[in-house]
1. Which value in Å does the Kirkwood hydrodynamic radius of the protein assembly as shown take, with 1/r averaged over all unlike C-alpha pairs and then inverted?
2. Output wanted: per-residue J couplings in Hz (rounded whole) for region A:17-31, from phi through Karplus 6.51 cos²θ - 1.76 cosθ + 1.60, θ = phi - 60°, x for Gly and Pro.
3. Rule-of-thumb check for region A:1-111: C-alpha Rg over 2.2 N^0.38 Å?
4. Within region B:30-118, which trypsin sites (Lys or Arg not before Pro) sit in a loop by DSSP and count at most 16 neighbouring Cβ atoms inside 10 Å?
5. Nothing charged except the Cβ atoms of Lys and Arg (+1) and of Asp and Glu (-1): what's the magnitude of the dipole of the protein assembly as shown about its Cα centre? Round to the nearest 20 debye.
6. Please compute one quarter of the surface area of the Cα convex hull for region A:1-44 and express it in square nanometres.
7. Taking region A:53-99 on its own, what percent of its Cα-Cα pair distances exceed 11 Å?
8. In Å², and per residue, what accessible area does the protein assembly as shown have when probed at 1.4 Å with the other protein chains present?
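The values are calculated or read from the model by the stated rules, or taken from the named source; none is laboratory data. Being a predicted model, the structure only gives us computed values, none of them experimental. We place every Cβ from the backbone using ideal geometry, glycine too, and count neighbours over all the protein chains shown. Remember, those area values only see protein heavy atoms, side chains included, never the ligands or the DNA or RNA. Shrake-Rupley method; radii C 1.70, N 1.55, O 1.52, S 1.80 Å.
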Amino acid sequence: AQSVTQPDIHITVSEGASLELRCNYSYGATPYLFWYVQSPGQGLQLLLKYFSGDTLVQGIKGFEAEFKRSQSSFNLRKPSVHWSDAAEYFCAVGLENFNKFYFGSGTKLNVKP
Amino acid sequence: GAGVSQSPSNKVTEKGKDVELRCDPISGHTALYWYRQSLGQGLEFLIYFQGNSAPDKSGLPSDRFSAERTGGSVSTLTIQRTQQEDSAVYLCASSLGPAGVERRDTQYFGPGTRLTVL
């Protein structure tokens, strides 16, 4: 069965520090991978996506993610976190026909001043 | 342009009552998804509509849940005989649809309806 695991429920980093949010997936076929952000009181917004090609993908707001097939991972990174990045982040896998998406349980990011 | 809208934004109901949640997708989007987000949980897929085709209902948790989409646009999620475990935020998303992978991938989410069953 398909699944997405985000092992970190909460993460706190200092403003200006680097960030890495972990995501592991279980899916037999070629995964289509996504990261979404949900800010307080806001809807989910797509940060970036991976379908094929270069395994390092760039997204909005300075985020990037790297697909590692051998580790079944798609970790999200940012070199320097801003206070406005405090939000909840969701990793997701889309099936080939895009008729279904599986989301992880999310990681809440707190940013210390 | 206008995004995905959902109504009501909040709904409080008593156990056993029926509720209807509405989603207005972005104009021109043929694909529509419903998700449930329970406290501390990720998004749980409920149902998928593509145009006027029969929906993929494989994620609906019980036969108390149903959804329809009229004219390939507005969708209504109905929960009959609500239970306390139905309390959650119900999210709707739409996307451009199956005109190639690049058009089908990006879902645009609405703000959600927070359902509380007392």
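1. On the way: mean 1/r = 0.0549 Å⁻¹.
Result for the protein assembly as shown stands at 18.2 Å.
2. Values per residue, Gly and Pro as x: 7, 7, 9, 9, 10, 8, 8, 10, 10, 10, 7, x, 9, 5, x Hz.
3. Working: Rg = 13.3 Å, N = 111, 2.2 N^0.38 = 13.2 Å.
Here the answer is 1.01, to two decimals.
4. Values: sites: B:ARG36, B:LYS57, B:ARG64, B:ARG69, B:ARG81, B:ARG103, B:ARG104, B:ARG114; in loops: B:LYS57, B:ARG64, B:ARG81.
Those satisfying the criteria are B:LYS57, B:ARG64, B:ARG81.
5. On the way: 22 positive and 21 negative charges, 25 e Å.
So the magnitude is around 120 debye.
6. On the way: hull surface 18.3 nm².
Taking a quarter of the hull surface, the average projection is 4.6 nm².
7. Numbers: 817 of 1081 pairs.
Distances greater than 11 Å cover 76 percent of the Cα pairs.
8. Numbers: 10850 Å² over 231 residues.
For the protein assembly as shown, the solvent-accessible area averages 47 Å² per residue.
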